[in-house]
Amino acid sequence: NAGVTQTPKFQVLKTGQSMTLQCAQDMNHEYMSWYRQDPGMGLRLIHYSVGAGITDQGEVPNGYNVSRSTTEDFPLRLLSAAPSQTSVYFCASSYGPVGSRGYTFGSGTRLTVV
Amino acid sequence: AQTVTQSQPEMSVQEAETVTLSCTYDTSESDYYLFWYKQPPSRQMILVIRQEAYKQQNATENRFSVNFQKAAKSFSLKISDSQLGDAAMYFCAYNSNSGYALNFGKGTSLLVTP
């Protein structure tokens, strides 16, 4: 049982490049979310999903795309990277409604856009 | 949207002493959940404690306890007998019963001195 696995752990991109941050969980969790963490800003919700085929936008969705074709995977795509997307990205999952047990978090991806 | 406010960007406590971290939130809902998460330098997000709004009894987990004041919309975390390993960022988070994700505060950095 690996929990929530995020890859890569570190990434440097050039402005304009695209990439996909991977997130996989093996706990059969229905709810999954992506957050970004910036200094002094806490964690802000980018996108979330309540099950395979169902996604929705969070607080800061611009420049990001998601899909959920399986229960296990929830990749985050950066369409055209910008320096403002330099951040630490966290994927999180929950078995049911988040309030019932809270999230299980991945270990994060530190992304630098130059 | 619900907002979570942590008014103390930084706090310091001596080893073996007690410290209280503050959190207030804004909501019009009556049924919701509150959380405290710990983020040590490893970057991993760790659930510390969870409180259900309909329960009047304050949650406790070993040395960690909360003071939940529903009318005042206040949810403070008390750490007793502080240890060096308690040094971390602490995030307060809110989830409404109908919500799909957590709303986080900006965090409080806790320093523990010998």
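The values are calculated or read from the model by the stated rules, or taken from the named source; none is laboratory data. Source: prediction; values computed, not measured. When the accessible area is computed, the model is the full protein with side chains, heavy atoms only, and any ligands, DNA or RNA have been set aside. Shrake-Rupley method; radii C 1.70, N 1.55, O 1.52, S 1.80 Å.
At 1.4 Å probe size, with the rest of the protein present, what percent of the exposed accessible area of chain B is carbon and sulfur atoms?
Working: 2540 of 5610 Å².
The computed percentage sits at 45.
Over the protein assembly as shown, with the other protein chains present, what is the accessible area per residue in square angstrom, probe 1.4 angstrom? Provide the component values of the computation, followed by the final result.
Values: 10600 Å² over 228 residues.
Here the residues of the protein assembly as shown average 46 Å² of exposed surface.
Whole number please: convex hull volume per residue, Cα atoms of chain B, in Å³.
Values: hull volume 10.6 nm³, N = 114.
Dividing the Cα hull volume of chain B by its residues yields 93 Å³.
If you plug each phi of region B:18-23 into the Karplus form 6.51 cos²θ - 1.76 cosθ + 1.60 with θ = phi - 60°, what whole-Hz ³J(HN,Hα) values come out, in order, with x for Gly and Pro?
Each residue of region B:18-23 in turn: 10, 9, 10, 9, 9, 8 Hz.
Holding the Cα-Cα limit at 28 Å, pick out from A:K9/B:K73; B:K38/B:K73; A:K9/B:K55; B:K55/B:K106 the pairs that are longer than that. Each step should come with its number before you reach the end.
Values: A:K9/B:K73 37 Å; B:K38/B:K73 21 Å; A:K9/B:K55 39 Å; B:K55/B:K106 26 Å.
Among A:K9/B:K73; B:K38/B:K73; A:K9/B:K55; B:K55/B:K106, the Cα-Cα distance tops 28 Å for A:K9/B:K73; A:K9/B:K55.
How many square angstrom of accessible surface are buried between B and A, both sides summed, with a 1.4 Å probe and rounding to 100? All intermediate terms of the calculation are to be shown ahead of the outcome.
Values: alone 6500 and 5860 Å², together 10600 Å².
Between B and A, the summed buried area is about 1800 Å².
When the Karplus curve 6.51 cos²θ - 1.76 cosθ + 1.60 is applied with θ = phi - 60°, which whole-Hz ³J(HN,Hα) does each residue of region A:60-76 get, with x for Gly and Pro?
10, x, 5, x, 10, 9, 9, 8, 9, 8, 10, 5, 6, 10, 8, x, 10
Could you give me the ³J(HN,Hα) list for region B:45-55, computed from phi with Karplus coefficients 6.51, -1.76, 1.60 and θ = phi - 60°, whole Hz, x at Gly and Pro?
My calculation for region B:45-55 gives 8, 10, 6, 9, 7, 9, 10, 9, 5, 7, 8 Hz in order.
Given the convex hull of the Cα atoms of the protein assembly as shown, what is a quarter of its surface area in nm²? Intermediate values should be presented prior to the final figure.
Working: hull surface 49.1 nm².
Averaging across all directions leaves 12.3 nm² for the Cα convex hull.
Between region A:76-114 and region A:10-60, what is the separation of their alpha carbon centroids in Å?
Computed from Cα coordinates, the inter-centre distance equals 4 Å.
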